[in-house]
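For reference, the structure is listed below as structure tokens.
The values are calculated or read from the model by the stated rules, or taken from the named source; none is laboratory data. Nothing here was measured: the structure is a model prediction, and the numbers come from that model. FYI the Cβ positions are ideal-geometry reconstructions off the backbone, even for glycines, and counts take in every protein chain you see. Note: areas computed on protein heavy atoms with side chains; ligands, DNA, RNA excluded. Shrake-Rupley method; radii C 1.70, N 1.55, O 1.52, S 1.80 Å.
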Amino acid sequence: MILVSACLLGQNVKYNGGNNSCELLQVYEGQGHFVPICPEGFAALPIPRPPMEIQQGTGEDLLAGRVRALDRTGRDMTESLRLGAQKALALAQKYHAKTAILKESSPSCGVHRIYDGNFAGRKIPGSGAAAALLREHGLMLYSEKELTPALLAKLMAEDKDSMKNE
């Protein structure tokens, strides 16, 4: 199975109540390859909610206890990000997922870049908390920004092959 950020599949789970619908993913959603995940939803965060950012670090830093995550109101969201990441990992393990397609820039799902913690729209290199934990446990991560029809076809073919071997 392939984990996919639920917002990319059109689910209204973003902090502002919207989604980040990815047309390419939605075309193939019904073929049985995708497990939708929302680490922030797994942590029972409300929708809508204030945006949050990891402060002066990355998801790896947050998981290691070196930095915190705050929402725009100053509320500490560190434990929510950790809990969501752990639940995403548990789902990956349950479904024997080897791959995830995640929402770039998210403090949970960002694969290559996240916001810098100043709520000014600037991004830095690094992963969100769930992405970092999934990568640490061997999953291959892709963001929707690098997804092409050819890459998605390859990932779904690999998933089909792995299901045959289980």
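Can you tell which of E53, E23, E79 is closer than 30 Å to P149 by Cβ and of a type in the set (D, E, K, R)? Before the answer, list the steps.
On the way: E53 fails: closer than 30 Å to P149 by Cβ; E79 fails: closer than 30 Å to P149 by Cβ.
Only one candidate qualifies: E23.
Please give the number of the condition C38 fails out of (1) in contact with a helix residue (DSSP H, G or I) (Cβ under 6 Å, 6 or more places away or on another chain); (2) crowded, with 20+ Cβ neighbours inside 10 Å; (3) within 21 Å of K160 (Cα to Cα).
(3)
Sort out which residues of region 77-110 are assigned to a helix (DSSP H, G or I), open to solvent by less than 20 Å² (accessible area, probe 1.4 Å) and out of contact with any His (no Cβ under 9 Å at 6 or more places or on another chain), and write them in order of number. Can you show your working first?
Going through region 77-110, the residues assigned to a helix (DSSP H, G or I) turn out to be 78-94.
Those still in the list that are open to solvent by less than 20 Å² (accessible area, probe 1.4 Å) too: 78, 81, 84-85, 88-89, 92.
Across region 77-110, the qualifying residues are T78, L81, G84, A85, A88.
Among (1) part of a loop (DSSP other than H, G, I, E, B); (2) surrounded by fewer than 20 Cβ atoms within 10 Å (Cβ to Cβ), there is one condition V13 misses while meeting the rest; what is its number?
So V13 meets the others, but not (2).
Within region 123-163, take every residue that is under 13 Å from I2 (Cα atoms) and of a type in the set (S, T, Y) and give me the one that is least open to solvent (accessible area, probe 1.4 Å).
The selected residue is S143.
Looking only at region 19-35, which residues are small (G, A, S) and either open to solvent by less than 20 Å² (accessible area, probe 1.4 Å) or not in a loop (DSSP other than H, G, I, E, B) (or both)?
Within region 19-35, just G30 meets the criteria.
Could you check region 60-76 and list, in sequence order, the residues that are more than 16 Å from the chain's Cα centre (by Cα) and either crowded, with 19+ Cβ neighbours inside 10 Å or not polar (S, T, N, Q) (or both)?
D61, A64, G65, R66, V67, R68, L70, D71, R72, G74, R75, D76
Could you please let me know if L3 is aliphatic (A, V, I, L, M), within 14 Å of the chain's Cα centre (by Cα), under 23 Å from I124 (Cα atoms) and buried (at least 17 other Cβ atoms within 10 Å of the Cβ)? Steps first, answer last, please.
Details: aliphatic (A, V, I, L, M): yes; within 14 Å of the chain's Cα centre (by Cα): yes; under 23 Å from I124 (Cα atoms): no; buried (at least 17 other Cβ atoms within 10 Å of the Cβ): yes.
No, not satisfied.
Can you find, within region 26-50, the residue that is modelled with the highest pLDDT among those that are charged (D, E, K, R) and under 30 Å from P149 (Cα atoms)? I'd like the intermediate steps shown before the answer.
Keep residues of region 26-50 that are charged (D, E, K, R), which gives 29, 40, 49.
With the extra rule that they be under 30 Å from P149 (Cα atoms), the set shrinks to 29, 40.
Working: E29: 89, E40: 97.
So the residue we want is E40.
Would you confirm, using the coordinates I've provided, whether E166 is at pLDDT below 95, assigned to a helix (DSSP H, G or I) and either farther than 13 Å from L3 by Cβ or open to solvent by 20 Å² or more (accessible area, probe 1.4 Å) (or both)?
Against the criterion (at pLDDT below 95, assigned to a helix (DSSP H, G or I) and either farther than 13 Å from L3 by Cβ or open to solvent by 20 Å² or more (accessible area, probe 1.4 Å) (or both)), E166 does not qualify.
When you look at A157, is it out of contact with any Cys (no Cβ under 7 Å at 6 or more places or on another chain) and not in a loop (DSSP other than H, G, I, E, B), yes or no? Let's see the steps before the verdict.
Working: out of contact with any Cys (no Cβ under 7 Å at 6 or more places or on another chain): yes; not in a loop (DSSP other than H, G, I, E, B): yes.
Yes; evaluated as a whole, the condition is true for this residue.
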